[in-house]
Amino acid sequence: MAANVDIAVIDYGMGNLRSVSKALEHVAPAASVVVTADPQVILDAGRVVFPGVGAMGDCMAELKQRGLIDVVKQAAASKPFLGICLGMQMLFEHSEEGDAAGLGILPGRVLRFPDEAMYDNRHNRLKVPHMGWNEVHQAVPHPLWSGITDGARFYFVHSYYVEAGNPDMVSAFSLYPFPFTCAVAANNIFAVQFHPEKSQAAGLTLLGNFVTWDGNIAPNQCDTFNTECSL
Amino acid sequence: MGLAKRIIPCLDVNAGRVVKGVNFVGLRDAGDPVEIARRYDREGADELTFLDITASSDQRDLILPIIEAVASEVFIPLTVGGGVREVNDVRRLLNAGADKVSINTTAVNNPQIVADAASRFGSQCIVVAIDAKANEAGRWEVYTHGGRNATGLDAIEWAIKMQNLGAGEILLTSMDKDGTKSGFNIPLTRAVSDAVSIPVIASGGVGTLQHLADGVIEGHADAVLAASIFHFGEYTIHEAKLHMLQNGIEVRL
């Protein structure tokens, strides 16, 4: 255990990962957090964070060039795994953004907010990217929502959203103006469209939940059918 | 309920201190940037913007440790602008902990920097700041160098061009209004906001809480930026949000 890092933040050369690592260090001061492209470090880490910004095709190309495609797939199959923003989108099969293939770890596709739908109920135009603080409505209980109010606001910045192939994996949705999936949960994978590292108290709570999560989907010592459950 | 309109306090930083001028001149000390950032975060600011107005380039590096200090304890989006001349400056600010970098004069001198920076770091972190001033033709002209140099560019056309080159957001300041406390330039804000599909931050002229609400309702701004009404303790961010809420504007409380 000694040499292994607790939390590996996968660095594939797209964007700035400092915010993510700073926030993880803040919620887990005793943990070792590394930003890395080293396959062995990622595979040996206790848990993995997969962030991302930019275009999906570029990100996939960078992952491929660094020999990280299979590494991400293995990590996503084996340990607590948190996808953030493009790191969520890339888990799916395909994106409209540049007609790019994703990792295909989860069923579903990534779509652009359609121009014709982007009006609010007063007929004002809604801007794309969807940028700012939106309400996150929790669809099902999950250990990562522990201590977070249903409907708490998180910070978003994105122009594309995930349409999950399996509705059971939708863990939360937001409205812009229609409901879109902003968090998915599948076994040891949890992935969010918003930026917990930039979402103040609610975001830090989610990251704090992730760094202690055992990777099981049901809340600890509690299942979703148990109405006595206090979580 | 959906996306909240953002309130963004702006910290003008000169050689490591927060200052505030009137019509781009006459600087007044407003305090320590890290301490002010911490207070705004506690009060519920949705983002923070730092504009480095330091004149000399060697002193401009003083902003980097400030951003680092703020980013290690304030977990909301941070925008930093001022003195960005090349893509490498964008990288340095992002590495210090900025989430977005605002480009102004350099975008006018070399529009390609906006495309290059957006393709390298993503549109989400590239803000183009536009300082605009009314002209005789009843339109608005883009100015650079902190409002000293006229460019001949039309502000609305310029905003569209910046969007097309990859800017993720426009920070629009009315130079006629900045520091006057007489409210945003509503016609300018509305014209630019309606002309682009990316978010527009209204800036320049806030003196009352109603001005903030007007920027959103009348000006169609996606976010409102203000400095002096917050720095000198006239209003808290929380009071500003409550006022916007009373005007039917969705805010994060």
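Computed values, structure above
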read-out	value
Test item: Cα-centred dipole of the range B:156-215, Lys/Arg +1 and Asp/Glu -1 on Cβ, debye	60 debye
Where labels lie 7 Å past Cα in the beta-carbon direction, separation of B:E234 and A:N166 in nm	5.6 nm
Computed lengthening from A:E116 to A:Q65, 0.36 nm per intervening residue step minus Cα-Cα distance	14.7 nm
Estimated distance in nm for a label pair at A:R109 and A:S32, the labels positioned 7 Å out from Cα along Cα-to-Cβ	4.4 nm
Per-pair calculated FRET efficiency, R0 = 25 Å: B:L242 and B:A195 via Cβ, rounded to 0.05	0.20
Dipole of the range B:1-111 [Lys/Arg +1, Asp/Glu -1 at C-beta], most positive-end residue of B:V13, B:T106, B:I67	B:T106
Debye, to nearest 20: dipole size of the range B:35-99, +1 on Lys, Arg Cβ, -1 on Asp, Glu Cβ	80 debye
Per-residue mean of C-beta atoms belonging to partner chains within 10 Å, peptide B:121-131	4
Interface residues in the range B:197-216 - accessible area drops by 50 Å² or more relative to the isolated chain, probe 1.4 Å	B:S197
Residues in the range A:181-205 occluded by at least 30 Å² - accessible area, probe radius 1.4 Å, against chain by itself	A:K198, A:Q200
B:R148 versus A:R125: modelled label distance in nm, points set 7 Å from Cα along the beta carbon direction	3.5 nm
Prolate/oblate/rounded call for the range A:64-221, Cα gyration tensor, a/c under 1.5 rounded	oblate
For the range B:57-91 and the range B:200-253, distance of Cα centres in Å	25 Å
Size of charge dipole - chain B - debye, nearest 20, with Cβ of Lys, Arg +1 and Asp, Glu -1, no other charges	20 debye
Cα-Cα over 20 Å, subset of A:K127/B:K161; A:K64/A:K198; A:K198/B:K100; B:K100/B:K177	A:K64/A:K198; B:K100/B:K177
Rounded percent of accessible protein surface that carbon and sulfur make up, chain B, 1.4 Å probe	48 percent
Residues B:R42 and A:D6, FRET efficiency given R0 of 30 Å [Cβ-Cβ distance, rounded to 0.05]	0.55
Beta bridge orientation in chain A: antiparallel %, DSSP, nearest 5	60 percent
Modelled FRET efficiency - R0 25 Å, A:S146 with B:M1, Cβ distances, 0.05 increments	0.60
Fraction of accessible area attributable to carbon and sulfur, the range A:59-153 (%, probe 1.4 Å)	46 percent
Vicinal HN-Hα couplings computed from phi for the range B:135-147 (Karplus, 6.51 cos²θ - 1.76 cosθ + 1.60; Hz; Gly/Pro x)	10, 5, 6, x, 10, 10, 10, 7, 10, 10, 6, x, x
Cα-based shape type of the range A:174-220, given that a ≥ b ≥ c are square roots of the gyration tensor eigenvalues and the cut on a/c is 1.5	oblate
Solvent-accessible area per residue, Å², over the protein assembly as shown with all protein chains present [probe radius 1.4 Å]	38 Å²
Mean Kyte hydropathy of 1.0 or more with a Cα span along the axis of at least 24 Å, helices from DSSP in chain B	none
DSSP bridge pairs, the protein assembly as shown: antiparallel proportion in percent, nearest 5	45 percent
GluC sites (Glu not before Pro) restricted to DSSP loop in the range B:52-161 with at most 12 other C-beta within 10 Å	B:E73, B:E136
Shape of the range B:100-253, Cα gyration tensor, a/c cut at 1.5	prolate
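The values are calculated or read from the model by the stated rules, or taken from the named source; none is laboratory data. Since the model is a prediction, treat every value here as computed from it, not as a measurement. Don't worry about glycine lacking a Cβ; one is built from the backbone with ideal geometry, like all the others, and counts go over all protein chains shown. Surface accessibility is based on the protein's heavy atoms, side chains included, excluding ligands, DNA and RNA. Shrake-Rupley method; radii C 1.70, N 1.55, O 1.52, S 1.80 Å.
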